[in-house]
1. Is it the case that the range B:448-455 has a residue that's part of a strand (DSSP E or B), of a type outside the set (Asp, Glu) and under 26 Å from residue B:371 (Cβ atoms)?
2. Restricted to the range B:130-157, and to residues that are in a strand (DSSP E or B) and at the interface with chain A (Cβ under 7 Å from one of its Cβ atoms), which residue is surrounded by the most Cβ atoms within 10 Å (Cβ to Cβ)?
3. Residues of the range A:17-38 being over 18 Å from the mean Cα position of the chain (by Cα), more than 10 Å from chain B (Cβ to nearest Cβ) and more than 12 Å from residue B:179 (Cα to Cα), which ones?
4. If I ask for residues that are assigned to a loop (DSSP other than H, G, I, E, B) and at pLDDT 85 or above, which ones from the range B:391-424 would you list?
5. Between A:73, A:87, which is surrounded by 19 or more Cβ atoms within 10 Å (Cβ to Cβ), in contact with a helix residue (DSSP H, G or I) (Cβ under 9 Å, 6 or more places away or on another chain), more than 14 Å from chain B (Cβ to nearest Cβ) and among the hydroxyl-bearing types (Ser, Thr, Tyr)?
6. Got at least one residue in the range A:34-52 being touching a residue at least 40 places away in the same chain (Cβ under 8 Å) and in contact with a Phe, Trp or Tyr (Cβ under 6 Å, 6 or more places away or on another chain)?
7. Does residue B:127 satisfy being farther than 29 Å from residue A:120 by Cα and either facing chain A (nearest Cβ under 10 Å) or not in a loop (DSSP other than H, G, I, E, B) (or both)?
8. For residue B:307, are the conditions met, namely being out of contact with any strand residue (DSSP E or B) (no Cβ under 7 Å at 6 or more places or on another chain), charged (D, E, K, R) and modelled with pLDDT under 75?
Amino acid sequence: MTAIGVPVRGPTALGDDPSRFARLTWTLAVTQFKLKFYGSVLGYLWQLMRPLLLFGVLYVVFSVALDFGKGLTHFPVMLLLGVVLYTFVVEAVGSAVNSVVERENLVRKIEFPRMAIPAAAVLTALFNLGLNLVVVAVFAVVSGVPLHAALLQAPLLLAGLVAFALGLSLLVSALYVRYRDVRPMTDVFLQVLFYGTPVLYPLEALPEDLQPWFMLNPFAVVVQQMRHTAIDPSALSPFELATGLQLGVAAGIVVAVCVVGYRVFRRMAPRMAEEL
Amino acid sequence: MSSGFEGFLDETLRSFDGCDAAFESDLLQSGELRRGEPDRKRDLHVGTVAAAAGRRDNAGMAAPGPAVVVDGLHKSFRLPHEQVHTLKERVLHPFVRATHENFRALSPLSFSVQEGEFFGIVGRNGSGKSTLLKCLAGIYHADGGRAWIRGRLSTFIELGVGFNMDLAARDNIVINGVMLGLSPREARRHVDEVIAFAGLEQFSDLKVKNYSSGMLVRLGFSVLIHVDADVLLIDEVLAVGDAQFQQKCHDQFTGIRRTGKTVLLVTHDMGAVERYCDRAILLEQGEMTMLGDPHEVGMHYLQVNFEQETQEPVQTPGDSEKVARYGNRSAEILRTWFEDEGGAPATSLPHGRPCALCAEVVFREDVDDPVFGFNLHSSADHNVLAANSEQAGASAGSGRFRSGERVTFRVRFDNLLSPGRYEVTPAVARAGAWLDRRERLASVVVTSTHSTDAVVDLPYEVQLDRSATSPSSQALA
């Protein structure tokens with residue numbers, strides 16, 4: 001049979017036109033970002049306040065009252081950085097979970113690359129991360145953290161973190177369409193992630209033979225390496241702490257999450273409109 | 001897919017004129033459209049497309065080939081059985097999966113739409129119209145079959161989809177444009193036009209949540225119209241908006257026809273189908289039962305629609321035991337019904353065709369010269385027809401009727417009634433006294449592709465003689 005024009009292929013995760021996917025993701029993310037604090041007087045300031053307030057509480061409780069950071073250089077800066085990075089993961093994954101369901105009216109009425117929705121959720125969280133990192137930088141300078149050349153690694157580490165968050169977001173947002181249990185499971189997972197990462201306690205507070213095992217957690221690797229490069233070179237880097245195998249597992253988790261998330265989403269995308 | 005269909009499609013690609021004959025014979029041969037319910041009467045009407053083609057040729061439009069080809073597309077949905085499990089059951093049988101059934105929303109169907117054609121898709125609620133549109137739009141994943149679309153596609157399933165209530169019209173237009181496939185730059189370029197078309201210049205910076213629903217509709221439609229698409233898929237948009245805006249939409253449709261865009265329009269408005277569409281298809285329970293001339297499809301749709309409606313147990317006056325009844329019953333009206341032009345009992349009658357009012361009467365006593373009559377009332381309670389055997393010229397009287405005799409009484413007339421429901425009151429009388437009169441015993445729905453405010457819909461001709469001299473000046477000369 002002679003075909004004319006474009007065959008109708010039904011909805012897909014990415015669509016045929018990558019630039020359309022990119023434009024759509026960008027537009028959705030910008031809109032979401034604008035709307036987030038629309039109508040509140042202080043606007044973006046609230047976006048900065050949230051991690052700062054969490055940091056304040058944690059700092060008073062764990063650093064001042066319980067003295068976790070005793071003998072460590074720049075523990076408050078490290079704490080703030082950890083909180084900001086964790087906030088990014090929570091925002092990205094937490095808002096991605098129900099993003100597809102929330103935008104039901106779009107999914108059921110318009111043809112567009114479905115993956116733009118969770119991708120936009122992650123991108124919005126990334127905008128916030130950018131703003132928050134400015135605050136961390138200011139705080140670091142005020143606290144007298146010197147600038148290290150190794151800081152150039154930071155974008156690479158952030159890219160790894162974004163990949164991790166994106167993979168998770170794709171996975172949970174696709175599964176949530178069919179299984180509503182995914183949301184509480186995600187919440188629990190994010191809690192576990194927080195306490196399984198040396199954010200509010202320094203890695204040094206753990207028994208020495210346990211420390212390498214924490215490096216199986218890719219988020220912990222990112223946090224620890226950020227600390228090592230940006231804040232305190234005397235802190236052990238994951239490469240000194242853990243074996244290559246352990247780090248390989250951590251990297252493998254990120255890759256696996258991305259691959260599985262992408263594949264699950266791609267598989268679910270064609271039928272999302274009717275399952276909502 | 002039968003090879004016959006492929007042949008048909010190849011044929012279609014070669015020439016537009018060849019399409020209909022090939023399609024007709026093909027459908028009839030393959031029996032594709034008859035699948036499913038053999039017992040149901042399912043005539044395939046393949047109307048003449050020559051008229052439509054001619055119309056376009058008059059407008060100076062060439063028909064370069066199909067813009068949309070649908071080949072055996074079908075779609076089923078999984079309908080889960082909603083079951084409430086108690087926690088105990090859940091714990092005892094954790095792996096029992098929810099059952100579901102497959103609902104066939106769209107049986108395999110094939111057709112093609114020419115470039116620049118205005119193509120109507122009609123059918124009752126739940127007949128699969130929107131499913132078809134969504135499959136073509138790429139919103140649903142079709143289970144099988146194939147479809148092609150040539151050119152940029154724009155879908156309009158619902159007005160104002162994706163409008164964000166907290167944003168101003170301008171932002172929403174850009175976002176909506178991007179969703180529909182424009183680049184942000186293209187979308188921004190159109191903003192002013194879109195707002196102007198919607199007539200919302202004063203409100204362009206107002207949050208959309210403060211818009212009236214009519215304003216939202218206008219904005220939504222305006223966005224759609226301004227996406228530079230070659231193929232438009234439109235689902236039910238004419239039914240909304242105020243009169244002025246509807247006129248604008250109509251004008252716009254006329255404009256679209258002229259620009260050579262291809263439109264697939266899902267609608268219940270048979271007037272719109274007739275006015276704009278070159279061809280139309282009729283869907284019934286997911287099957288394409290008719291393809292062809294929009295007028296014929298429209299008439300058939302109305303017929304099917306009201307037949308099914310009246311078969312459902314609607315509370316008609318005749319059903320009620322308390323229907324008012326007068327007379328001494330020396331003659332009894334057993335039943336009354338309507339017949340179409342073929343003489344078959346009908347619950348709906350198409351406008352403009354002959355039809356008949358009928359009643360069966362049995363005599364309980366000997367009666368001389370009884371008069372048989374009907375009154376037909378519209379739903380607005382106008383008596384639109386008073387017919388009886390006396391007025392019909394039987395001046396000598398109807399003669400003597402014996403006890404026990406059965407009579408079928410029929411009044412034939414051309415159905416010039418305006419569309420709507422009508423109720424009939426049959427009566428038998430003698431010398432000014434009722435023998436039997438049963439108020440509003442039966443009802444019928446008159447269907448028409450156009451509606452009117454008038455009590456009846458008489459055929460008429462319009463004439464304007466502007467160049468002719470007036471009668472008065474003629475008289476003077």
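The values are calculated or read from the model by the stated rules, or taken from the named source; none is laboratory data. Just so we're clear, the structure is a prediction, and the values are computed from it rather than from any experiment. With ideal geometry, Cβ positions are generated from the backbone for all residues, glycine too; neighbour counts draw on all protein chains shown.
1. So in the range B:448-455, the residues part of a strand (DSSP E or B) come out as none.
No, the conditions are met nowhere in the range B:448-455.
2. Step by step, filter the range B:130-157, then rank; the result is B:155.
3. Listed by number, the residues that qualify are A:18, A:37.
4. Start the filter on the range B:391-424 by keeping residues that are assigned to a loop (DSSP other than H, G, I, E, B), which leaves B:391-399, B:402-405, B:415-416, B:418-419.
Answer for the range B:391-424, where residues must be assigned to a loop (DSSP other than H, G, I, E, B) and at pLDDT 85 or above: B:402, B:403, B:404, B:405, B:415, B:416, B:418, B:419.
5. A:87 is the lone residue from the list that is surrounded by 19 or more Cβ atoms within 10 Å (Cβ to Cβ), in contact with a helix residue (DSSP H, G or I) (Cβ under 9 Å, 6 or more places away or on another chain), more than 14 Å from chain B (Cβ to nearest Cβ) and among the hydroxyl-bearing types (Ser, Thr, Tyr).
6. Step one: list which residues in the range A:34-52 are touching a residue at least 40 places away in the same chain (Cβ under 8 Å), which gives A:36, A:44, A:47-48, A:51-52.
Pick out the ones that are also in contact with a Phe, Trp or Tyr (Cβ under 6 Å, 6 or more places away or on another chain) and you get none.
Checked the range A:34-52: no residue is touching a residue at least 40 places away in the same chain (Cβ under 8 Å) and in contact with a Phe, Trp or Tyr (Cβ under 6 Å, 6 or more places away or on another chain).
7. Details: farther than 29 Å from residue A:120 by Cα: yes; either facing chain A (nearest Cβ under 10 Å) or not in a loop (DSSP other than H, G, I, E, B) (or both): no.
Criteria not met by residue B:127.
8. Details: out of contact with any strand residue (DSSP E or B) (no Cβ under 7 Å at 6 or more places or on another chain): no; charged (D, E, K, R): yes; modelled with pLDDT under 75: yes.
No.
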